[in-house]
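K.L.:
Here it is, the structure in full.
What follows is calculated from the coordinates using simple rules that are stated; it is not laboratory data. Predicted model, so just to flag it, every value in this text is computed and none were measured. Neighbour counts run over all protein chains shown; Cβ positions are idealised from the backbone, glycine included.
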Amino acid sequence: MVDQASKQRLAELNAESTRQILGMSLSSKRSSKHQLSETGKAWIALIPACIFLLAFMIYPILNTFIMSFIENFRFMKGAGGSFALSNFFAALSNSRLSTKPSFSFQNYIVVLQDADFLTSLGNTALIVIVTVPLTIVVALLIAVAMNSIKPLKGFFQTVFFLPYVTNAIALGMVFKIIFTDGDAGLFNAFLSLFGVSAQSWLSVYADKWQMFVVIIIYSIWNGIAFKILVFMSGLASIDNQYYDAAKIDGANKATILGRITVPLLSPQILYITITSFIGAFKSYTQIISLFGAGAYNFGGSTGKNWMTVVGYIYSTMQDDTMVGRAAAASFVLLVIILIITLLQTVASKRRVHY
């Protein structure tokens, strides 16, 4: 009787164990299905961003790349004058179109031999080399200074953040007033306090390098706000114990800045450096806002003293027969930016600490 009860109990335990195992298996399958559904939801959430990237980034890049190899771009007039790829292929298939597009590297050859493009490339490189390091250093020093003060900290943050929310054209108009030629200019009035005669800064008769001084000051002021904001966020994430230990060891402020602050801010510095180089290579608005008199005036009697690569592209596009040349110049600029960004990323691997 006892043996029979034991066998029955053992059978019940085995059945219970089997049900638990089956339940765990079913639960695992349901969990797997649930995970797949979460992945699907994630992809659905990404669809708007993917559509945006395809429509406003990938498609324009491919479109420009194709246009850069077309010599006689005027044929697009027969397709509605649009840059759309649909019109391009419609033109190719139109047997009644008298002028067929021809493809070659001629646009790139012409651009790389064009004196205006080479001058604009030199101007852009000079703006990048001078303004980017200066802006980063000034922004870092201001961020460190504001991080170490408490009275009126919010006020100073607001003052230095104002250029970021100010329209570039409006900011350029303010600088034009400050650097007005003659005694009426505010900057010339300031220089007169030290016995310096009035200078010509932005007129057609101004020296090219005097114009460059204004461009540098404007570029630093215009680009400093966002960099300060990024550095301030990085400084807030640094543990104070590093500074306390350095003070106990007797380190001065310069040593603390160079040995602690800068290394711990290396991710932010890398990000700011890359974005600053890209932004400086695309310089255009700050130049025309300073010199005014149209969207294609870059200073001087010829209006080309400080033409940048982006300015060259815009100017070239005004002639519909040279749109292919403008597209080629755009791709040359893209390749330069990609190479510099790659070099910065590779060179910073050993210097950036996360």
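K.L.:
Fully extended, how many nm does the chain gain between A251 and I61 (0.36 nm per residue separation, minus their Cα-Cα distance)?
P.N.:
Contour length minus the Cα-Cα distance gives 63.2 nm.
K.L.:
Moving on to the next point. Can you compute the modelled spin-label distance between V196 and K153, with each label point 7 Å from Cα toward Cβ, in nm?
P.N.:
Those two pseudo-labels are separated by 3.6 nm.
K.L.:
Also, I was wondering about something else. Placing unit charges on C-beta atoms (Lys and Arg positive, Asp and Glu negative, everything else neutral), compute the dipole magnitude of the range 115-347 about its Cα centre in debye, rounded to 20.
P.N.:
Computed about the Cα centre, the dipole is about 380 debye.
K.L.:
Further question on the same structure: Could you give the length gained by full extension between I216 and Q106, i.e. 0.36 nm per residue of separation minus their alpha carbon distance, to one decimal place?
P.N.:
Once the chain is fully extended between I216 and Q106, it gains 36.1 nm.
K.L.:
Still on this structure, please answer the following. Rank these for me by crowding, R259, R325, going from fewest to most other beta carbons within 10 Å.
P.N.:
Lowest to highest Cβ neighbour count: R259, R325.
K.L.:
List, in order, the whole-Hz ³J(HN,Hα) value for each residue of the range 157-169 obtained from phi through the Karplus relation with A = 6.51, B = -1.76, C = 1.60 and θ = phi - 60°; use x for Gly and Pro.
P.N.:
So the J values, rounded to whole Hz, are 4, 5, 4, 6, 8, 4, x, 5, 9, 9, 4, 4, 5.
K.L.:
Using a simple spin-label model with points 7 Å from Cα along the Cα→Cβ vector, what separation in nm is obtained for V335 and Y205?
P.N.:
4.4
K.L.:
Given a Förster distance of 45 angstrom, what is the FRET efficiency for A170 paired with E38, based on the Cβ-Cβ distance and rounded to 0.05?
P.N.:
Efficiency computed from Cβ-Cβ geometry: 0.45.
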